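The values are calculated or read from the model by the stated rules, or taken from the named source; none is laboratory data. The shown structure was predicted, so the numbers you read here are calculated from the model rather than taken from an experiment. Virtual Cβ from ideal backbone geometry, glycine too; neighbours counted across all protein chains shown. Calculation scope for accessible area: heavy atoms of the full protein, side chains included, ligands and nucleic acids excluded. Shrake-Rupley method; radii C 1.70, N 1.55, O 1.52, S 1.80 Å.
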Amino acid sequence: MKYIGLEVMDQLSGKVKVGKIKDAHGLKGELYFISFSGDISWLDTAEEFFLEALKGDVKVKKLQNFKPFKEGAIVRLENVVDRNASEALKGAMVYIDAQCLVASPGETIYLQEVLNFQVESPDAKKLGVITGFSSNGAQDILVIENEERKSYEVPFVDDFIVEIQFEKKKIILDFPESLMDINNE
């Protein structure tokens, strides 16, 4: 099972950061979009890009079409019709509606789908709540906060996953408890 890690943006409720505009592409307003996760399968369901400029301004642009390209896609957005308009968006962070990132049963899940899930051991011991994510380059990492408000990180890998119960908002993980201690040293 593959997990796609994406950062949830607190400022824009219900939006998820998925990448950034790397550069203008061509003369007709197309943009080279880089996906942070390397996955662009969600582009089929995305209707709008929420673009956050370096100054913090947010622009909403309808996604007209896209084609896969390198680590992302070449995208065409509404009212971006020439090179000057596309150059003005260079460096903007791209957010989409979180609803675009809900996997069907049996498909790759998106990390944001398990945010705030309760984490338990196979013997039903409560280990904490998933409060965020990170990555070490090789794998996605769950940030779990326990009842004492201490955070620790656990690799989100198949070897540790016993079961994900979406209806109960719970994940059963079987990992060495020494991982919790390593994080607190």
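So how exposed is Thr108, as accessible area in Å² (1.4 Å probe, rounded to 10)?
Counting only protein heavy atoms, the figure is 50 Å².
Please report the relative contact order for the chain, taking Cα pairs under 8 Å with a sequence separation of at least 6, and give it as a percent rounded to a whole number.
This gives 19 percent for the chain.
Stick to Cα atoms and the Kirkwood definition of Rh, then tell me Rg/Rh for region 23-70.
Ratio value, two decimals: 0.95.
Evaluate E = 1/(1 + (r/R0)^6) for Asn79 and Ser13, where r is the Cβ-Cβ distance and R0 equals 30 Å; express this FRET efficiency to the nearest 0.05.
So the FRET efficiency works out to roughly 0.75.
Jot down the radius of gyration and Dmax of the chain, Cα atoms only, both in angstrom.
Here Rg and the maximum Cα pair distance are 18.6, 60 Å.
For region 144-185, with only Lys/Arg (+1) and Asp/Glu (-1) charged at the beta-carbon, what is the dipole magnitude about the Cα centre, in debye rounded to 20?
Computed charge dipole of region 144-185: roughly 260 debye.
Looking at the square roots a ≥ b ≥ c of the eigenvalues of the Cα gyration tensor of region 92-182, which shape do they give, rounded for a/c under 1.5, prolate if a/b is larger than b/c, or oblate?
Prolate, since a/c reaches 1.5 and a/b exceeds b/c.
Given the options Val18, Val114, Val60, state which has the largest fluctuation in a GNM of the chain using a 10 Å cut-off (strictly under) for Cα springs.
Val60
Per the 1.4 Å probe, what fraction of the accessible area of region 90-185, in percent, lies on carbon and sulfur atoms?
Numbers: 2410 of 5310 Å².
Of all accessible area on region 90-185, carbon and sulfur atoms account for 45 percent.
With the contact rule set at Cα under 8 Å and sequence spacing of 6 or more, what percent relative contact order holds for region 28-90?
Relative contact order, region 28-90: 44 percent.
Considering only C-alpha atoms, what is the centroid distance from region 113-162 to region 15-80, in Å?
30 Å
Rank these by accessible area, largest first, 1.4 Å probe: Ile34, Ile171. Write down the numbers at each step before the final one.
Working: Ile34 30, Ile171 0 Å².
Most to least solvent-accessible, the answer reads Ile34, Ile171.
For region 63-155, what does the accessible surface come to per residue with a 1.4 Å probe? Please give it in Å².
53 Å²
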